[in-house]
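K.L.:
Here's a structure for you.
The values are calculated or read from the model by the stated rules, or taken from the named source; none is laboratory data. This one's a predicted model, so the numbers in the text were calculated from it and none came from an experiment. Using ideal geometry, Cβ is built from the backbone for each residue, glycine included, and neighbour counts are taken over all protein chains shown. All accessible areas refer to the heavy atoms of the entire protein, side chains included, with ligands and DNA or RNA removed. Shrake-Rupley method; radii C 1.70, N 1.55, O 1.52, S 1.80 Å.
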Amino acid sequence: MGACMPGAAVSQLVMGRANSQRFLVISPRIRVQISDSKAVSAAGLKRKFCTAGSIGGGAFWSELSGLDNWAARRDLHPCQAIIEEDSAVVEPTASVIDGKAIAQQIKGEIAEEVARMKEAVGKVPGLAVLLVGSRKDSETYVRSKKKACEEVGIKSFSIDLPEDASQNEILKHVYEFNDNPGVHGILVQLPLPRHIDEEKVVGAINIAKDVDGFHPLNIGRLAMQGRKPLFIPCTPRGCIELLIRSGVEIKGKHAVVIGRSNVVGMPAALLLQRHNATVTVVHSYTPNPAEVTRNADIIIAAAGVAHMVRTDWLKPGAVVIDVGINPVEDPSAKRGYRLVGDVCYREACTIASAITPVPGGVGPMTIAMLMKNTLEAAKRAYDQTEG
Ligand SMILES: Nc1nc2c(c(=O)[nH]1)N[C@@H](CN(C=O)c1ccc(C(=O)N[C@@H](CCC(=O)O)C(=O)O)cc1)CN2
């Protein structure tokens, strides 16, 4: 079991040795034997998804897993053959919800609004991004956020702090951004190093600039009837936007959210209810999750377990939004690994009516929604909101 352990999948990337064979433990039931030629890619995979010095993986997954213990649910981990099979080209009968294209379209709309704001008030929105440590995945996401800012005309401010930065140092930057009128949105890239109290840092962000929507006041308002959060967390907002833009009716439907993390599962369930769906949350202690999920018209899968959702979890015609981003070793891929979702895509394609791919589904929408939240923050600051 790895040192960085909060979520299930965190324990899933461990190097091992048995009978003079080296292997990479992808999940409790998946061990990939590593030949010498594969060793580099396995190490690369670990580098990208591990905190420096730890032997566990689970970058984004720990966000999805939250307090959950999916690793203990050995019954839910598919065998390696299933994951390998899934890389085969499939002709889906389900329609593919192209998150990358939809995100691009949304960024185009935002760029137009930013240009209009510049003309009207002579200002553009500003987004501050705080990164602590040198996790490769977090660095990639932060780079994507800055690139998106450039694309749409948002000014980005960034602070990169070392892994051993103190809590006070981080808070000092948050307070400075809170006081900077040119900064309309502030985000602290998660996860933070273990010695930092995430609750304190997120709670220090001015709620009017909390473009991640993780501040307890924003989450509280999201949960309450008749209250309006200033911001909705980007990934759940992206999931709903994908459904709406794909013409999927949410009202009156039964939605199952798999996972209850603070970043995705919990706010997604709250948001679906606000859209008048009947919502069931499936988590790592749910008995017979396949049976529960099989009742769903809409599934948001955010467990952080590669290919957990199989054919028997899906009702024919269900709409599947796959939030999982799980790296699995693939020597034929340039990076030595590829990303797969929580849903066995190949199988789901033949039974669902619509499905998001991984990559290219929810991920790009997270960034587009961050741009949207930042624009909305600036509109409020300059009194440019409609209605
Ligand atoms: N402060 C925050 N931290 C984190 C959040 C968040 O919303 N706010 N979410 C995740 C990571 N994340 C954004 O920060 C994020 C994850 C994935 C993608 C994405 O576009 N993924 C691509 C694949 C990328 C690749 O090839 O590596 C895809 O799915 O197509 C964007 C943003 C945790 N932390």
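K.L.:
So if we plug the beta-carbon distance of A115 and N288 into 1/(1 + (r/R0)^6) with R0 = 56 Å, what FRET efficiency do we get, rounded to 0.05?
P.N.:
On the way: r = 52 Å, r/R0 = 0.93.
Efficiency computed from Cβ-Cβ geometry: 0.60.
K.L.:
Considering only protein heavy atoms, with the full assembly of protein chains and a 1.4 angstrom probe, order T311, T350 by accessible area, largest first. Let's see the in-between values first.
P.N.:
On the way: T311 55, T350 95 Å².
My answer, sorted largest first, is T350, T311.
K.L.:
Using only the heavy atoms of the protein chains and a 1.4 Å probe, how would V188, V124 rank by accessible area, largest first?
P.N.:
On the way: V188 5, V124 45 Å².
Correct descending sequence by accessible area is V124, V188.
K.L.:
Which FRET efficiency value, to the nearest 0.05, is calculated for R245 and D312 with the Förster distance at 22 angstrom and r the Cβ-Cβ distance? Provide the component values of the computation, followed by the final result.
P.N.:
Numbers: r = 29 Å, r/R0 = 1.33.
That gives a FRET efficiency of 0.15.
K.L.:
Heads up, I need the accessible area for E109: 1.4 angstrom probe, whole protein in place, Å², nearest 10.
P.N.:
Per-residue accessible area (E109): approximately 70 Å².
K.L.:
Residues of segment 311-343 with backbone nitrogen within less than 13 Å of a virtual label 7 Å along the Cα-to-Cβ line of Q273, please, listed as ranges.
P.N.:
Answer for segment 311-343: none.
K.L.:
Could you tell me which of I300, I355, T311 has its Cα farthest along the dipole of segment 290-371 towards the positive end, charges placed at Cβ (Lys, Arg +1; Asp, Glu -1), taken about the Cα centre?
P.N.:
I355
K.L.:
Using the Karplus equation 6.51 cos²θ - 1.76 cosθ + 1.60 (θ = phi - 60°), what ³J(HN,Hα) coupling, rounded to whole Hz, does each residue of segment 99-116 give in order, writing x for Gly and Pro?
P.N.:
Karplus-based 3J(HN,Hα) across segment 99-116 equals x, 5, 5, 5, 4, 5, 4, 5, 5, x, 5, 5, 4, 5, 5, 5, 4, 5 Hz.
K.L.:
Starting from the Cα gyration tensor of segment 286-384, take the square roots of the eigenvalues, sort them a ≥ b ≥ c, and report rounded, prolate or oblate (rounded when a/c is under 1.5, otherwise prolate if a/b is larger than b/c, else oblate).
P.N.:
On the way: a/c = 2.62, a/b = 1.45, b/c = 1.81.
Taking the square roots of the gyration eigenvalues as a ≥ b ≥ c, segment 286-384 is oblate.
K.L.:
Let me check something: with ligands and nucleic acids excluded, how do R237, R227 order by accessible area (1.4 Å probe), largest to smallest? Provide the component values of the computation, followed by the final result.
P.N.:
Working: R237 40, R227 120 Å².
Largest accessible area first, the residues go R227, R237.
K.L.:
In whole Hz and in residue order, list the ³J(HN,Hα) couplings for segment 336-349 that follow from phi through the Karplus curve 6.51 cos²θ - 1.76 cosθ + 1.60, θ = phi - 60°; x for Gly and Pro.
P.N.:
Per residue, the Karplus-derived 3J(HN,Hα) values read x, 8, 10, 9, 10, x, 7, 10, 6, 4, 4, 6, 5, 4 Hz.
K.L.:
Could the peptides 260-271, 111-122 be put in order, highest first, of the mean number of other beta-carbon atoms found within 10 Å of their residues?
P.N.:
Working: 260-271: 24.7, 111-122: 13.7.
Packing order, densest peptide first, comes out as 260-271, 111-122.
K.L.:
Then there is this: Calculate one ³J(HN,Hα) per residue across segment 120-126 by plugging θ = phi - 60° into the Karplus curve 6.51 cos²θ - 1.76 cosθ + 1.60, and present them in order as whole Hz with x for glycine and proline.
P.N.:
Going residue by residue, I get 6, 10, x, 10, 10, x, x Hz, with x marking Gly and Pro.
K.L.:
Where a ≥ b ≥ c are the square roots of the eigenvalues of the C-alpha gyration tensor, would you call segment 120-242 rounded, which needs a/c under 1.5, or, failing that, prolate if a/b is larger than b/c, or oblate?
P.N.:
On the way: a/c = 1.39, a/b = 1.14, b/c = 1.22.
Judged from the Cα gyration tensor, segment 120-242 comes out rounded (a/c under 1.5).
K.L.:
Something else now. How about segment 324-387: which GluC sites (Glu not before Pro) there lie in a loop by DSSP and see at most 13 other Cβ atoms within 10 Å? Don't jump to the answer; show the numbers that get you there.
P.N.:
Numbers: sites: E329, E347, E376, E386; in loops: E386.
The qualifying sites are E386.
K.L.:
Place a +1 charge on the Cβ of each Lys and Arg in segment 240-387 and a -1 charge on the Cβ of each Asp and Glu, then give the dipole magnitude about the Cα centre in debye, rounded to the nearest 20.
P.N.:
Numbers: 15 positive and 13 negative charges, 19 e Å.
Rounded to the nearest 20 debye, it is 80 debye.
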